[in-house]
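So the structure is just underneath, and the comments pick up after that.
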């Protein structure tokens, strides 16, 4: 492989000399698809928030520039207009930029998976590329990792990804609280054999490994002490895989887990464990604070404030104190170690600033104490205030004698009244949108100055929130509490992710259950997004083979998914048969592939019956489904009657089940008669039954 | 002889890119590279900045003599931008000031040719001096002739002759202000006299200084002449570019020129303590190794420089020992080192090398004969900024009355005075001190990794540059020579 630097220079020589080799591309996903930074992100996207007074995205772009990237595709969703505008005005859009940057907005992007599918369709990717999110802070050089990756690709054609991991001790400040993943690595700690996303709450959750794994590699490393900063070198084969698996949302939980679980893909993923250098991802307010901490303390050198990435004028003085020019400090003000102060800020008498980050043009009053406080631009802090490790966003006003405790968030333009006391969990914003009102609970506080203030509280009553609080996180009320939702359509309760979550929590889960869960999710997702039946068959087959599942399991999952889908579709009695007919007709090829014998028919009907228990109109549905199956020759007389006569589903008959079965009574009776009479007046009788 | 050494990828990338983009874009590219610290070390920064200035001058709209003030202003502005980008890389300012000097000198030369400068000296004579240099060169240093013998740059001199300069200066020690008249006469007669070069240089400089002090305030080097004679507004760009190219050559040749002094400083069976891994230092030791047998005690310089230091000591894997090195070492020779010789490591050429940890400096100090160091930048008052730990070593050497010798190219000499040395020091990644994953320390202790150290002039005994040896107390003379008295504030 030619060193990437060579190619970089080829690019810089301008359009005249077309580089013979493909450009090194990077894809930035400038959206986190979660709501952990609410309410701040109501007004500004996360990647444009200041981190050590430089927008977060700058760190990511500098990191890519350092890595010799030559083309950047930046995908954004929320606040895409602001991101586009920012990039257009920045140095990265100038001809002198080390790479070409293209901002791509698509309203359909709701997860990492969507970005990858979009990428697959766009055909912008020709070679292996770097995949990062828009909130990476790192000073590692990608060149060596890329070289390794290329070498591996030559040796192992199935290698589709190299992930950059960093070892971290369990109680490290920068470790994201409440997020945990288990990596199973091979003997040399190079290949990732298995990935499991762990929830803090179910620590005694049994780990399921594919059976083949142990055979293939007798020695394995199980490591949980990784900081996964989501810097990946990804093969161009990956986006198509996402298209194939349309339900993959998250690059780790879905993609990495899925690809490694499934023997059929036969793909391999490698890990690059960092030995030196810094890499971190701002995943939550807690990691934001931790990374800011590291930047101030020069762990991310050269990306520290005094590098002045964004045309600032910071100067470094001993003790990790960074001051821009035109800072006005009162004689008696004390600036302690690890502080950053932006230009135009004035600090009053006897004020103590220790470990705080202060933006530009702030006015800090007299006798104020700032301990590890994060203050952005244009903030006014009155006299005698005391602020802990909290975030105060642009243009906020904190009245005299106020106390803001650690962990609080004061968003843009909020005015805090004189003498207030802001508790740890408080989050104040001026924004209120309809959407937010739907999902969160708001307390509106009207102040004397007629400045309205909205206390932002997300009322998702997840046990995980509890968990994060228990973890003693710096910012306990991390409002996006559930990591698994990271990839979800956050307000849509019907997403597969959530359902999956529900299933994950069932404590004793066998392999069959796990197959059932996967198959069920995939089918239901496919039905909802009306994918073609061929894709579903492919999917299901893949799952079945990887899990080594019985056909009976397949039938159970199919029955469950189909019924769930039908039930969700049916709105009134009238369209029952229509929906059933349409669905079953569509899935004919699928059913054909799982029903071979009479006993199979019986079983399927049994499962359908079980699934219908407790559902609305269960009887009608049972009859409609049974009839449709019969009409489509999926069931014959024998099967239907056996089911009827056996009198019990696979799990025994309960009163509820009997109720469901009774719904189909008329139809079965009719079939019985047909069987006896072997008459030809089928159509007529069918009409009778239809009512 | 230009050593075709390999540049680090970022520098190579930049040097290639700079020729094909607009100067403004090239500036921004360099700004990015400097900020990301993709181009580090004074040498590489100097190379990149020189190349950028070459591009800048060749694309600047001011080409004529009458527009020279505009050109000076533009270059100065560019210099300010670059200095602001990486204020701790003082060599940026040095190079920009050198180029400003080149431009001023061209103006002056041309003015004097026209006969406007009524001073007795000027470019003519300094030209003559380069001829003298050239002829002196040819004898001792055939491969390394200056690219442009008639460039009219009085500073453009190299190793062979400088040696003599240095010697004469060392002999006299005291700085004798030359009598301009006298020197002119002497210079015009005694062309082949090698010592003439220096006198003439001082002469030329003096005139330059006087001219500038008279001309600069009214900002009109070209206007006054116009009123007098049918004035040809000469295009000075070509000459300035020649001057910058010479500067680039100087950067390539500097190791060789510095190394030429090695034999006078390293004697047989000496034990030399060495701090630093710079190519200059390495070339210096290699050159000495040809003739002398001595022992090197390398200080590890953990953590920032330890890898580079180990590479110096390590037996080479990719470079083979230069063939015939051993034989040559028996027959002393005066030829410059070949590329392979420069790259060979000390151990590979049979120098006994001992690697010691930084903590053992005090313990070993009493055994060594002298301490040799590289440097990052030398300041006007004889102090210097160099690898962290150097001050301790120098202080320790002083305690044992052991001479501290610093080798450096003259391009590292900065006309700045260290009013606030702390602000000139770079602080590096904390992770080189301790692993970041170690939460028990990282969370509780402040960790700091200064990569540089300020060494006051009192602790250094001798500076060896490519233009001769100087004591810290005499460095100011060299500063005047290099930069003149024009005060360009870039910071």
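The values are calculated or read from the model by the stated rules, or taken from the named source; none is laboratory data. Note that the structure is a prediction, hence the values are computed from the model and not measured. So basically every Cβ, Gly included, is an ideal-geometry build from the backbone, and we count neighbours across all protein chains shown.
Looking only at the stretch A:631-646, residues that are crowded, with 18+ Cβ neighbours inside 10 Å and either over 43 Å from the mean Cα position of the chain (by Cα) or not assigned by TED's automatic domain parsing to the domain that holds residue A:582 (or both) come to 4 in all. Only one of the numbered conditions (1) part of a loop (DSSP other than H, G, I, E, B); (2) more than 21 Å from residue A:182 (Cα to Cα); (3) within 13 Å of chain B (Cβ to nearest Cβ); (4) free of Cβ contacts under 8 Å to residues at least 24 places away in the same chain is violated by residue A:275, and that is (2). Residue count for the stretch B:359-390, restricted to those that are surrounded by fewer than 18 Cβ atoms within 10 Å (Cβ to Cβ) and closer than 20 Å to residue B:428 by Cα: 0.
Would it be correct to say that residue A:266 is within 14 Å of chain B (Cβ to nearest Cβ), touching a residue at least 60 places away in the same chain (Cβ under 8 Å) and either under 30 Å from residue A:121 (Cα atoms) or touching a strand residue (DSSP E or B) at 6+ places or on another chain (Cβ under 7 Å) (or both)? Judged against the criteria, residue A:266 is not a match.
Apart from one condition, residue B:35 fits all of (1) surrounded by 23 or more Cβ atoms within 10 Å (Cβ to Cβ); (2) at the interface with another protein chain (Cβ under 9 Å from one of its Cβ atoms); (3) at pLDDT 90 or above; the exception is (1).
Condition check: more than 28 Å from residue B:465 (Cβ to Cβ) and within 14 Å of another protein chain (Cβ to nearest Cβ). Does residue B:48 satisfy that?
Values: more than 28 Å from residue B:465 (Cβ to Cβ): no; within 14 Å of another protein chain (Cβ to nearest Cβ): yes.
No; evaluated as a whole, the condition is false for this residue.
Out of the helices (runs of 4 or more DSSP H) lying entirely within the stretch B:366-483, which hold 3 or more residues that are more than 14 Å from chain A (Cβ to nearest Cβ)?
Values: elements: B:390-399, B:439-442, B:475-483.
Where helices (runs of 4 or more DSSP H) fall fully within the stretch B:366-483 and carry at least 3 residues being more than 14 Å from chain A (Cβ to nearest Cβ), they are B:390-399, B:475-483.
Inspection of the stretch A:173-188 identifies no residue that is at pLDDT 85 or above, within 14 Å of another protein chain (Cβ to nearest Cβ) and in a loop (DSSP other than H, G, I, E, B).
Residue A:157 passes every criterion in (1) out of contact with any strand residue (DSSP E or B) (no Cβ under 8 Å at 6 or more places or on another chain); (2) part of a loop (DSSP other than H, G, I, E, B); (3) within 14 Å of chain B (Cβ to nearest Cβ) apart from (3).
Of all residues in the stretch A:340-350, those being free of Cβ contacts under 8 Å to residues at least 60 places away in the same chain and crowded, with 22+ Cβ neighbours inside 10 Å number 3.
Table: residues versus (1) touching a helix residue (DSSP H, G or I) at 6+ places or on another chain (Cβ under 6 Å); (2) touching a residue at least 12 places away in the same chain (Cβ under 8 Å).
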{"position": "B:19", "(1), (2)": "no, yes"}
{"position": "B:26", "(1), (2)": "yes, yes"}
{"position": "B:32", "(1), (2)": "no, no"}
{"position": "B:35", "(1), (2)": "yes, yes"}
{"position": "B:54", "(1), (2)": "yes, yes"}
{"position": "B:67", "(1), (2)": "no, yes"}
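Every test in (1) at pLDDT 90 or above; (2) over 18 Å from the mean Cα position of the chain (by Cα); (3) within 14 Å of another protein chain (Cβ to nearest Cβ) is passed by residue B:75 save one, and that test is (3). So, residue A:5, is that one modelled with pLDDT under 90 and buried (at least 24 other Cβ atoms within 10 Å of the Cβ) or not? For residue A:5, the condition - modelled with pLDDT under 90 and buried (at least 24 other Cβ atoms within 10 Å of the Cβ) - is not met.
Search the stretch A:132-144 for residues being over 25 Å from the mean Cα position of the chain (by Cα) and part of a helix (DSSP H, G or I), and hand back the single one that is nearest to residue A:55 (Cα to Cα).
So the first thing to find is which residues in the stretch A:132-144 are over 25 Å from the mean Cα position of the chain (by Cα), and the list is A:141, A:143-144.
Then keep just the ones that are part of a helix (DSSP H, G or I); that gives A:143-144.
Working: A:143: 25, A:144: 27 Å.
For the stretch A:132-144, the residue satisfying everything is A:143.
Just one of (1) within 11 Å of another protein chain (Cβ to nearest Cβ); (2) modelled with pLDDT of 90 or more; (3) buried (at least 21 other Cβ atoms within 10 Å of the Cβ) fails for residue A:291. It is (1).
Is it true that residue B:65 is at pLDDT below 90, more than 13 Å from chain A (Cβ to nearest Cβ), buried (at least 18 other Cβ atoms within 10 Å of the Cβ) and more than 30 Å from residue A:70 (Cα to Cα)?
Numbers: at pLDDT below 90: yes; more than 13 Å from chain A (Cβ to nearest Cβ): yes; buried (at least 18 other Cβ atoms within 10 Å of the Cβ): yes; more than 30 Å from residue A:70 (Cα to Cα): yes.
Here the answer is yes, as residue B:65 does meet what is asked.
Results for (1) within 14 Å of chain B (Cβ to nearest Cβ); (2) not in a loop (DSSP other than H, G, I, E, B), shown as yes or no for each residue.
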position	(1), (2)
A:92	yes, yes
A:96	yes, no
A:108	no, no
A:113	no, yes
A:125	no, no
A:130	no, yes
